[in-house]
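Chemist: Okay, handing you the structure first.
Bear in mind that the values in this text are calculations on the coordinates, not laboratory data. Keep in mind that this is a model prediction, so the values were computed, not measured. Glycine also receives a Cβ, built like all others from the backbone with ideal geometry; neighbour counts cover every protein chain displayed.
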Amino acid sequence: MFLRICLILFCTVTLHKEASTISWSASYQLSWSDFKGPSKTDTDAVATTASGITFSYSIKKTSKKEIVGFKTKIFAHFYPEKSWYKAEEADNHILAHEQFHFNITELHARKFRQRVSQLEASPALNKQLGKIHQEINQELSSLQKLYDAETDFSRNYELQSHWQNHIETELAKLETFKSKQ
């Protein structure tokens, strides 16, 4: 008899179950209508993309409590109610910058799936999954900050173009691990 344990861990943004999300898809590009949060007037930022990775897993155990298998679900999500923009300053260039924040989230979801695919069922599985989860969140946060810093929040057009090419290349390298609808 197998016991199934399911733990759901939310990364980056913690939301209620009923909160709306948009799952990352290569065929869907964000539009300003997806940014439903109230705009912030106390900042120079023109827009903010709230995105994150949701992660859950189940572990199969024998009646003797030996771990014999596991399954994971890893998704990159955009959170419309937490994302906002200033309509009077927003343009397509800034929207593309925000899309690439979401694409960076998908890149890390793929990296997460890749690392998990290399794991084997073992007594250390919970700790291994937790460690990967923590590392991915740290890497995601660091890359999001570096992206904004180097592109000067999209104002450096040359570096913005470089970053877009870089992220597209990295996504292509991990095509096998892309989000599935």
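Chemist: Once both labels are modelled 7 Å past Cα along the beta-carbon direction, what's the Ser122-Lys71 spacing in nm?
Modeler: According to this spin-label approximation, the distance is 2.4 nm.
Chemist: When you have a sec, figure out the Kirkwood radius of the stretch 59-102 from all distinct Cα pair distances and drop it here in Å to one decimal?
Modeler: So the Kirkwood estimate lands at 14.4 Å.
Chemist: Which residues' amide hydrogens lie under 5 Å from the amide hydrogen of Gly69, considering only partners 5 or more residues apart or on another chain, with H built in the peptide plane?
Modeler: Lys60
Chemist: If you take the beta carbon distance between Lys145 and Thr62 as r and set R0 to 41 Å, what does 1/(1 + (r/R0)^6) give as a FRET efficiency, to the nearest 0.05?
Modeler: Once the sixth-power term is evaluated, E becomes 0.40.
Chemist: Here is a follow-up. Could you run the Karplus curve 6.51 cos²θ - 1.76 cosθ + 1.60 with θ = phi - 60° over the stretch 98-109 and give me ³J(HN,Hα) per residue in whole Hz, x for Gly and Pro?
Modeler: Here the 3J(HN,Hα) series is 5, 4, 6, 4, 5, 5, 5, 5, 4, 4, 6, 5 Hz.
Chemist: Among Thr49, Ala124, Gln144, pick out the residue whose Cα is farthest towards the positive end of the charge dipole of the chain, where Lys and Arg carry +1 and Asp and Glu carry -1 on C-beta, about the Cα centre.
Modeler: Value: Ala124.
Chemist: GluC sites (Glu not before Pro), restricted to the stretch 53-147: which are DSSP loop and have at most 14 other Cβ atoms within 10 Å?
Modeler: Filter output for the stretch 53-147: Glu66, Glu88, Glu89, Glu120.
Chemist: Turning to a different aspect of this structure: Specify the inter-centroid distance of the stretch 111-181 and the stretch 55-106, based on alpha-carbon positions, in whole Å.
Modeler: Measuring centre to centre over Cα atoms gives 11 Å.
Chemist: While we're here: Would you mind getting me the FRET efficiency between His166 and Gln138? Use the beta-carbon distance for r and R0 = 22 Å, nearest 0.05.
Modeler: Once rounded, the FRET efficiency stands at 0.70.
Chemist: How high is the FRET efficiency from Asp91 to Ala26, r the C-beta distance, R0 25 Å, rounded to 0.05?
Modeler: Efficiency at R0 = 25 Å is approximately 0.60.
Chemist: Ratio of Rg to Rh for the stretch 3-177, alpha carbon only, Kirkwood?
Modeler: In the stretch 3-177, Rg relative to Rh is 1.03.
Chemist: Can you work out ³J(HN,Hα) from phi for every residue in the stretch 47-54, in order, using Karplus 6.51 cos²θ - 1.76 cosθ + 1.60 and θ = phi - 60°, giving whole Hz and x for Gly and Pro?
Modeler: 7, 9, 9, 9, 9, x, 10, 9
Chemist: Another one. Work out from phi, with θ = phi - 60° and the Karplus expression 6.51 cos²θ - 1.76 cosθ + 1.60, the ³J(HN,Hα) of each residue of the stretch 169-174, listed in order in whole Hz, and give x for Gly and Pro.
Modeler: Whole-Hz 3J(HN,Hα) from phi for the stretch 169-174: 5, 5, 4, 5, 4, 10.
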